[in-house]
1. If you plug each phi of the range 23-35 into the Karplus form 6.51 cos²θ - 1.76 cosθ + 1.60 with θ = phi - 60°, what whole-Hz ³J(HN,Hα) values come out, in order, with x for Gly and Pro?
2. Express in whole angstrom the spacing between the alpha-carbon centres of the range 11-44 and the range 86-101.
3. Would you tally the net charge around ARG91, using a Cβ to Cβ cut-off of less than 10 Å, leaving ARG91 out, and scoring K and R as +1, D and E as -1?
Amino acid sequence: MAELPSKVHITSHPICLRICGPSVYQDEKKKMWLHHIMDTEGVLQVRLCQEDIPSGHIALTTSTETSSTMPFLWTLHPGDQYLDCMCRFWRIVHHIKEEGVEEMILELMDDS
């Protein structure tokens, strides 16, 4: 019997992601996404991983890194990109599901 691939590319992205705690975003389906900021050769990227986090474990304050660098809201736009609340566009580099966990990498676009 053939095994199913463990990595699946996702084409249905969250419509919006709102910050709900330090390093934690929540989408419109109440799924939690942890973020990690990456600076790859001078290009700002954000890795978002969908995680099950009990609501009582999310702090209500934001960290300095989150408040100064990260937007409070991302909204999906045509062309596989998000617009943040600071009017910057982020390209979806990839969105996969591997072993039951979704991962999405966003990259700040040059002209933002």
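Where a number appears in this text, it was derived from the coordinates with a stated rule and is not lab data. These numbers were taken from a predicted model, which means no experiment stands behind them. Quick reminder, even Gly has a Cβ in these numbers, built from the backbone with ideal geometry, and neighbours come from all protein chains shown.
1. For the range 23-35, the Karplus-derived couplings read 6, 10, 10, 10, 8, 5, 9, 6, 7, 9, 10, 8, 10 Hz, x marking Gly and Pro.
2. 8 Å
3. Numbers: positive: none; negative: ASP80, GLU107, ASP110.
With Lys, Arg at +1 and Asp, Glu at -1, the neighbours total -3.
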